[in-house]
Amino acid sequence: MKDLVPGDNVELLDDDLSGIVQNVKGDQVEIKTEEGFIMNFTADQLVKIENDIDEIDVQDFDFNEVLKEKTSSKKPKSNRVKPKERNAPPMEVDLHINQLVRSSGSMSNHEMLNLQLDTARHKLEFAMRKRIQKVVFIHGVGEGVLKMELEYLLGRYSNIKFYDADYQKYGLGATEVYIFQNA
């Protein structure tokens, strides 16, 4: 596999998720999804997309050979959850106002809080639709208003649990949400 560099189009091997490489540090690759999320993966979880589907020449494929490979390698699917799926990195959503708008100077505190909560709700529902199991909302420490309102919002969902995120990575300024997939 070729080394990934910023700007490469990539897809996640085991999920319907694609994006553009933003940063590469050793084996860790940071991508920005089509929906605007920044997510981290190991290089072996990603595959570089070379061509758009429109550019592929169908005449280059021997479909009989493809069908033969497909039918000869039928294995029963396992329902076991793979270790790398269990420990998949969480989706991070930074709710700091300067991450959501270019300038917040003309906004009242109420408008900023509503924008942050609307963003949190939108990203949480996106994660539920895409079956992303963990989401970390970075809200900062401050006076605790956003954290309290976020906890009130999260308390209205029955298929999630939430708790303080990893202290070593986020300090006291983040809440991690676990989404139950079978609910």
**Q.** Residue list for the stretch 4-32, restricted to those being of a type in the set (Lys, Arg) and within 15 Å of residue 92 (Cα to Cα)
**A.** 32
(Q) Any residue at all in the stretch 7-17 that's among the polar types (S, T, N, Q), free of Cβ contacts under 8 Å to residues at least 40 places away in the same chain and out of contact with any Cys (no Cβ under 7 Å at 6 or more places or on another chain)? (A) no
(Q) For the stretch 1-21: of the residues being assigned to a strand (DSSP E or B) and either small (Gly, Ala, Ser) or under 14 Å from the mean Cα position of the chain (by Cα) (or both), which is surrounded by the most Cβ atoms within 10 Å (Cβ to Cβ)? (A) 19
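Here, each number is a calculation from the coordinates, and none is a lab measurement. Predicted model, so just to flag it, every value in this text is computed and none were measured. Virtual Cβ from ideal backbone geometry, glycine too; neighbours counted across all protein chains shown.
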